[in-house]
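Notes follow once the structure below has been shown.
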Amino acid sequence: MGKYIPGNVFHLAGRQALGLAAGIPARPLAQSMAWELGLIAMVGASFAILAAPLLFTVVDLRAGVLVFLAGVCTLWWLARYALAASMATALLWQFAFLAVSGATFAGMLSLLIGFESLLSLLPAIVGAYVVAWLAGLLTPGAPAGIGVREAVLLYLLSHAVAPADLVTAVVLGRGATVLGDLGFYLVCAAARPAVGRS
């Protein structure tokens, strides 16, 4: 929950402190954090290919999907053979996490305005959500990207979705992520004493 504290770094500092308290050396902790942030930023940026048709009408949506999938395969291959199999696996998990996050937002938007009317734009909406999420992640000082993610989403989707529906979906999307984070935190906090006793 530290990411909701203004500064956008306290969740990282908290993770480092917890690791040190558990006896893990500082260097591998910092290295793993740097690798994670670097990989997830690279993965998130690749979703811009899916969002490109929202800004550039000359970009074909189907071609964008094919280029995106080719990029996923290329990044996996590079991670697998230039780094390590564990890096390639982490890369695929990050792609899956971001794709599910974007699909959740697209599903929420579909419930508001109808699945059929958004069917052709679903990959672009997923891409727009992930790009907006990444902008929030990389903006210094914005707790959990609040305000940044929403502004980028409104900009990217303003020509594709009616403003009222888009604002409703953006607010509901933020509410869902906050409740998800809170629920995950509470489950982990409840499980922690049990883990300590085992």
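The values are calculated or read from the model by the stated rules, or taken from the named source; none is laboratory data. The structure displayed is predicted, hence computed values, not measured ones. Quick reminder, even Gly has a Cβ in these numbers, built from the backbone with ideal geometry, and neighbours come from all protein chains shown. For the accessible areas, the whole protein counts, side chains as well, though only heavy atoms, and no ligand, DNA or RNA atoms are used. Shrake-Rupley method; radii C 1.70, N 1.55, O 1.52, S 1.80 Å.
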Checklist entry - Which ³J(HN,Hα) values, rounded to whole Hz and listed in residue order, are derived for region 85-102 from phi using the Karplus coefficients 6.51, -1.76 and 1.60 in 6.51 cos²θ - 1.76 cosθ + 1.60 with θ = phi - 60°, glycine and proline given as x? => result 4, 5, 5, 5, 5, 4, 4, 5, 5, 5, 4, 5, 4, 5, 5, 5, 4, x
Item to check | Exposure rank, largest accessible area first [Thr89, Thr177; 1.4 Å] | outcome: Thr89, Thr177
Checklist entry - What ranking do 162-173, 44-55 get when scored by the average of other Cβ atoms within 10 Å per residue, highest first? => result 44-55, 162-173
